[in-house]
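Contents: one structure, followed by commentary.
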Amino acid sequence: MKFDIVVIGGGLVGASLLAALKDSGLRLALIESRPPAPLPADDSWDGRVYAISPGSVAFLHACGVWQRMDVARVTPVHEMRVHGDDSAARIDFSAYESGVPELACIIENRQLQHAVWETLSGAENVQLFCPAQYDSLTWHESYIELTLSDGTVLQTALLVGADGVNSRVREQAGITVDRHSYHQTGVVANFEVERPHHHIAYQWFRRDGVLALLPLPGKRVSMVWSANAVLADELLTLSPEVLCGQVGRAAEHELGMMRLVTPQRGFPLNFVQAKSLVKPRLALIGDAAHGIHPLAGQGVNLGLRDARELANVLLQFDGLGDCGEFSLLRYYERNRKEDILAMQWVTDGLQKLFGSEDAAIMRIRNLGLGITNRFPLLKNRLMHHALS
């Protein structure tokens, strides 16, 4: 079975790449070990949410994905309020001041995954192998050969690794990574709150981590607490009532009383940077290519920009040659390098800055928030990258 492009990994980034190419005429395939969880019959909420930037919304709309979203489950963010750890420093961001309708849209993981897969299921040039896993990869000059667990053999001009932060594709391709642990856990949960959030996202840089409350429909918020190891272990074992009290205090009771809607769960936080995004007949996208701290909420957007750029490159040169040609893939890598390095530098730097207990650094970081807040042009410059 011969294809132009095979994507391994059917998460949001890998599936969105194929959605962007579904009208290209290229022969496409997706290999995924398990399909997305079905949407619940009741009104329950997914504990994992994404802050999708306007640029990513535009990309998903062009792919035919965003139109499939249930608008009742999408919440625009009109403002963001970021607090330092001295109870005084603060920086505010406004969609109005930035000249955009919203700073981001908050959407549940499973809702967006369902929309992307629904888009692919109707595409004539996309073949889904799911549930399926591959046993081996063999590089040839003009193609890569994949053998699936059931013995099926595929040949592809281009293989795309979208199989996550512990990418097996990346490892088998011999691409090394720079990696370090933040020694933090991202603890997520959803809450009902007493007071309306008015489409404002809140963030507190604290000595024990970074707490964010993101607006959901109605009087609901999603929590992402990037907590240091000891605190994370505690948060994951607290009863609903005690957890609500602790989160409420950490959030300075900004939204009043809280009630737990989805149970808390956690995931480890790591910095990951692949030494190369490409090699002959292979490209990496999403978490297989990079992993950043979630304090800016930009991880998924960084991956979607990978998919958008790779799709643009392939569509631009469609019909002019081999889509797995190394010079073409190098063009994709060069176009992505600056964006990835900038986002990694910012998120890694902020995590280290606010993780320091040095008294001088503590004063400087809070002073910096206050100074930046008084310069609208500087704030808009900071927001420009996050909106793309």
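What the table shows:
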quantity: Hey, GLU325 modelled with pLDDT of 90 or more and either within 22 Å of the chain's Cα centre (by Cα) or among the small types (Gly, Ala, Ser) (or both) or not; calculated: no
quantity: The stretch 265-320, residues that are assigned to a loop (DSSP other than H, G, I, E, B), surrounded by fewer than 19 Cβ atoms within 10 Å (Cβ to Cβ) and not aromatic (Phe, Trp, Tyr); calculated: LYS275, SER276, PRO280, ASP318, GLY319, LEU320
quantity: Residues within the stretch 239-264 that are closer than 17 Å to VAL210 by Cα and open to solvent by 50 Å² or more (accessible area, probe 1.4 Å), tallied; calculated: 4
quantity: Where GLU338 falls short, out of the listed (1) of a type outside the set (Phe, Trp, Tyr); (2) at pLDDT 80 or above; (3) in contact with a helix residue (DSSP H, G or I) (Cβ under 6 Å, 6 or more places away or on another chain); calculated: (3)
quantity: Flag if VAL221 is open to solvent by 40 Å² or more (accessible area, probe 1.4 Å), of a type in the set (A, V, I, L, M), free of Cβ contacts under 8 Å to residues at least 40 places away in the same chain and within 30 Å of ASP86 (Cβ to Cβ); calculated: no
quantity: Yes/no for LEU329 being outside any loop (DSSP other than H, G, I, E, B), open to solvent by 10 Å² or more (accessible area, probe 1.4 Å), more than 30 Å from ARG90 (Cα to Cα) and in contact (Cβ under 8 Å) with a residue 12 or more places away in the chain; calculated: no
quantity: Residue match in the stretch 144-161 (condition: part of a strand (DSSP E or B), without any contact (Cβ under 8 Å) to a residue 24 or more places away in the chain, within 19 Å of GLY9 (Cβ to Cβ) and open to solvent by 30 Å² or more (accessible area, probe 1.4 Å)); calculated: yes
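The values are calculated or read from the model by the stated rules, or taken from the named source; none is laboratory data. Since the model is a prediction, treat every value here as computed from it, not as a measurement. Heads up, the Cβs are rebuilt from the backbone with ideal geometry, glycines too, and the neighbour counts pull from every protein chain shown. Accessible surface areas use protein heavy atoms only, side chains included; no ligands, DNA or RNA. Shrake-Rupley method; radii C 1.70, N 1.55, O 1.52, S 1.80 Å.
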